[in-house]
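Below you'll find the structure, written out as structure tokens, and then a few comments.
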Amino acid sequence: MSELTTVARPYAKAAFDYAVEAKAVDTWLEMLVFAAEVSQNETISNYLSGGMSTEQVKDLFINVCGEQLNDKGQNFIKVMAENGRLLVLPQVVSQFSELKAEFEKEITVDVASAVELSAEQVTTLSAALEKRLARKVKLNCTVDTTVVSGLVIKAGDMVIDGSVRGKLNRLASTMQS
């Protein structure tokens, strides 16, 4: 998987840089998502990994995508096809989305709690996280019955475990050291 990520990174960066310059980030994301869905179609995937020539693959892919790709999007797909990289389009979309979130100073935060949070609690939590992370926060709240009390918050690689279980685990490790 990391190999695909490495292959996809320069394509995602190039597409994102162009999209920012053209002030069309959302349009490019839509195009890339559609192209990634096409690349994951079983029939198309067989053609991409089969023995078709580069010209045939480019023409087939662009014809299938049709009006969903503008001229620049078609050129991007042609370059990827010439390099035999159309199968990494899902990873390109993933990295493009990460670049977009970073550019827009936005982060998705997963919040697990024992009970459903009220609208007031969600608003308060969102404001506190926006202040702490210095970004616009999009909360993804879930109910997790394994959380005894409190919250477990995950934002990127940061985890804030405010649950009773987490506090007890930290207490136990402190007492053992």
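Within segment 73-102, residues that are within 13 Å of Ala15 (Cβ to Cβ) have Cβ atoms under 7 Å from residues that are among the polar types (S, T, N, Q) and crowded, with 21+ Cβ neighbours inside 10 Å in these pairs: Leu89/Ser39, counting only partners at least 6 apart in sequence or on another chain. Being surrounded by fewer than 16 Cβ atoms within 10 Å (Cβ to Cβ), touching an Asp or Glu at 6+ places or on another chain (Cβ under 8 Å) and either aromatic (Phe, Trp, Tyr) or closer than 28 Å to Arg9 by Cβ (or both) is not true of Lys58.
Can you find a residue in segment 53-66 that is over 20 Å from the mean Cα position of the chain (by Cα), under 23 Å from Met158 (Cβ atoms) and assigned to a helix (DSSP H, G or I)? Looking for residues that are over 20 Å from the mean Cα position of the chain (by Cα), under 23 Å from Met158 (Cβ atoms) and assigned to a helix (DSSP H, G or I), one finds none in segment 53-66, hence no. Per this entry, Ala127 is not counted among residues that are surrounded by fewer than 12 Cβ atoms within 10 Å (Cβ to Cβ), touching a Lys or Arg at 6+ places or on another chain (Cβ under 8 Å) and more than 30 Å from Ala35 (Cα to Cα). Of all residues in segment 25-53, those that are in contact (Cβ under 8 Å) with a residue 12 or more places away in the chain and assigned by TED's automatic domain parsing to the domain that holds Leu87 have Cβ atoms under 7 Å from Cβ atoms of residues that are surrounded by fewer than 19 Cβ atoms within 10 Å (Cβ to Cβ) and of a type in the set (Gly, Ala, Ser), 6 or more apart or on another chain, in Leu29/Ser97; Ser39/Ser45. Among the residues of segment 36-82, just one is touching a Leu at 6+ places or on another chain (Cβ under 6 Å) and closer than 15 Å to Tyr18 by Cβ, namely Met80. Among the residues in segment 148-163, are any loosely packed, with under 12 Cβ neighbours inside 10 Å, over 20 Å from the mean Cα position of the chain (by Cα) and under 30 Å from Ala101 (Cβ atoms)? No, segment 148-163 contains no residue that is loosely packed, with under 12 Cβ neighbours inside 10 Å, over 20 Å from the mean Cα position of the chain (by Cα) and under 30 Å from Ala101 (Cβ atoms). Out of Val115, Val109, one residue alone is at pLDDT 85 or above, within 14 Å of the chain's Cα centre (by Cα) and among the β-branched types (Val, Ile, Thr). It is Val109.
Would you confirm, using the coordinates I've provided, whether Glu106 is farther than 29 Å from Pro10 by Cβ and among the charged types (D, E, K, R)? So Glu106 fails the test. The conditions of being surrounded by 18 or more Cβ atoms within 10 Å (Cβ to Cβ), under 24 Å from Glu102 (Cβ atoms) and touching a Pro at 6+ places or on another chain (Cβ under 8 Å) are met by Ala36.
The values are calculated or read from the model by the stated rules, or taken from the named source; none is laboratory data. Quick caveat: nothing in here was measured; it's all calculated off a predicted structure. Note that we place each Cβ from the backbone using ideal geometry, even for glycine, and neighbour counts take in every protein chain shown.
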